[in-house]
Structure formats: C-alpha cells, structure tokens
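See below for the structure under consideration.
The values are calculated or read from the model by the stated rules, or taken from the named source; none is laboratory data. Just so you know, these numbers come straight off a predicted model, no measurement behind them. Don't worry about glycine lacking a Cβ; one is built from the backbone with ideal geometry, like all the others, and counts go over all protein chains shown.
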C-alpha cells in the first residue's frame, strides 16, 4: 500500500473514533456523580486515620513521582526526547500530587474532596497524551498541544464540579484510553521498543479492574480492598513510565 494512503487511513480511523466519541458524549443525557461512589468497602480507622488503607495506599504515587522527577532534573536520560522534558516533568509532578489529592479525598470522601483527587490525575493524564503525540507524530506539535490538553482536562473537572455532569470528564478519561493503544500500534515510535509503555497501559487497565471489584476483594478475609490495591497498581503503571525514560534507546 502507498505509504501516503496508509498514513491517511490511520489518521482517518483515529479521527473517526474521536468524532464518534464526542458526538455520543454530547448527545448523552447528563451523568451525575452517584453518591454510592464514595462508599468504599474498607472503612477501617487505623492509627487515628479514617479509611486508613485507602489513604496510605497513595504513598506509592509520591515515591514514583519523586523517582520520575529525579530521572529528569539535571539529567538527560536516554528514553527522553529533549523537547518533551516539560510534559514529562508535569506527568511526574502530577503523579506525586495524586498522592496528596487522593489521600485528602479518602480521608473524607465527598464530591467536594473528590475534585482534588481528580484534578492531579487529569493533569497527569493530559500531559501523557501530549507526550504520545510528540513521540509518535511530531515532538513540536506534542509540545504545542500540551497547554490546550491541560486546559481541557482542568475544564472537565471544573465543569463536573460546577454542574454535577460527568460527561466531559468521562470523555477526557476514556477517549485517550481508546486512542493511545491504537497510536502505539499504528504509528512508529522514536524509540527502539514500546514494551514499557504497553506494560504501563496493561497495569493501568488492571488498576481499573481492581477498582471495579473493590468490595468483592475486601470480602475475602477483609485484608485489603480492591480500591487500595488499585492505587498500588496505578503507581506501578506510572513506574513503568519512569523505567521507559531511564532505559529506552532512540531507534
């Protein structure tokens, strides 16, 4: 197949998925935040800290965020496209802030505190989208898209907090989850391997599964809930990105 035609159809596929997702979201009825969302299975208070394990299990995010920042500050690791240093810095700073925001939320779960959980996660997520654009399409374009993506991410959280409508936030969260794997499959990377990014995506998907089975896991001996394990799995997912920065080699 002519490379130009192949490139055209790859772009058309991604564009079609994005347009369909946006239209479906716009036509969908408003989605309010359900109150049962805040009723996590593990309600134990330990050492005077309410919902202890849901709070403490955020500490790995802080560790991974610091490791990621350490890999960037004053160094030029082999797995970093120099022009994309800023979005990577935002990703790892966002990971560290997830520990603070999510920990604060889980001390007293409510819509008001959930804002501070979702905001750093969304900032981290949107910066990663800019990185994928930069590494698989054009690094300058990825850097140019950083600010618009961050604004859309922040706006999605603000819109939900103001209107109690999750549609924009859901679009921001789940559309990249569809598009990023396709980009990795369809477009070449600047690096010799994408295995660590695939490991990151797989572990993130596993974290979402753990979140969905919060109560069933906790019911097995009441040792650890799915939601607390979700935090650990999410931190491991981001650690794969740290490893990518430190170990990948340019092709």
Quiz item: What about residue 79, is it surrounded by 13 or more Cβ atoms within 10 Å (Cβ to Cβ), touching a residue at least 12 places away in the same chain (Cβ under 8 Å), touching a strand residue (DSSP E or B) at 6+ places or on another chain (Cβ under 9 Å) and closer than 30 Å to residue 139 by Cβ?
Solution: yes
Quiz item: How many residues are in a helix (DSSP H, G or I) and closer than 24 Å to residue 156 by Cβ when one looks only at the range 14-56?
Solution: 19
Quiz item: Restricting attention to the range 165-180, which residues are in contact with a helix residue (DSSP H, G or I) (Cβ under 6 Å, 6 or more places away or on another chain) and free of Cβ contacts under 8 Å to residues at least 60 places away in the same chain?
Solution: 169, 172, 176, 180
Quiz prompt | Failed condition for residue 29, given (1) loosely packed, with under 15 Cβ neighbours inside 10 Å; (2) closer than 28 Å to residue 197 by Cβ; (3) modelled with pLDDT of 95 or more | solution = (2)
